[in-house]
Amino acid sequence: MSDSSTKVIEINTIFDGLNNREMDYVQARANSVSDAEALRTCGFSRGWLNSRDKKDLNQRALDFKTDNVLKAQLILDKNLEKAAQGLAELLESRNEYIKIKAQTEIMDRRMGKPTQKVDQKTEHSGGLEIVFGEPIPKRIIQDED
């Protein structure tokens, strides 16, 4: 059995020994960028987390997130040939639009999207100034000696 298959089976052990609130936190933390965000999602206080083994819960969340990504990759890998075959079958469609879209999709994925030439002419030479929002007035700062 490959390492990725072994890793997927371990999903069953991620929640072992946790109560419902801890499982909620682990799931929320797997989908959050911070402890605070996960706590807000669950409606738990920071004190609740501090009274637990935070390091263990966060490691479980990381394992859960990693396992979900692995499972998704395995599903995609398993169905890649079927997806390619389905796309290739669209080449035989009676609908010209579908046929052209399938041809374009296959070519773009196999050869890369074609580059587009951009012709840009400016009325002045020199630098290009890009301003986002309101311009910031320039200030001259002098040394106070």
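Computed from the coordinates by the stated procedures, all read-outs in this text should not be read as laboratory data. This structure is a prediction, so every number in the text was calculated from the model and none was measured. All Cβ positions, glycine included, derive from the backbone under ideal geometry; neighbour counts span all protein chains shown.
General remarks:
- ³J(HN,Hα) computed for each position of the range 72-81 - Karplus, 6.51 cos²θ - 1.76 cosθ + 1.60, integer Hz, glycine/proline x: 5, 5, 5, 5, 5, 4, 5, 9, 4, 5
- Near L49: Cβ cut-off under 14 Å, other residues only, Lys/Arg at +1 and Asp/Glu at -1. The net charge is +2.
- D24, D35 arranged by Cβ crowding within 10 Å, fewest neighbours leading: D24, D35
- Fewest-first sequence of T41, T104, T115 by Cβ atoms within 10 Å of each Cβ: T115, T104, T41
- The Cβ shell under 13 Å around A28 holds other residues with a net charge of +1, Lys and Arg each +1, Asp and Glu each -1.
- Likely footprinting exposure, I14, I106, fewest C-beta neighbours within 10 Å first: I106, I14
- Cα centroid separation - the range 16-49 against the range 65-88, whole Å: 29
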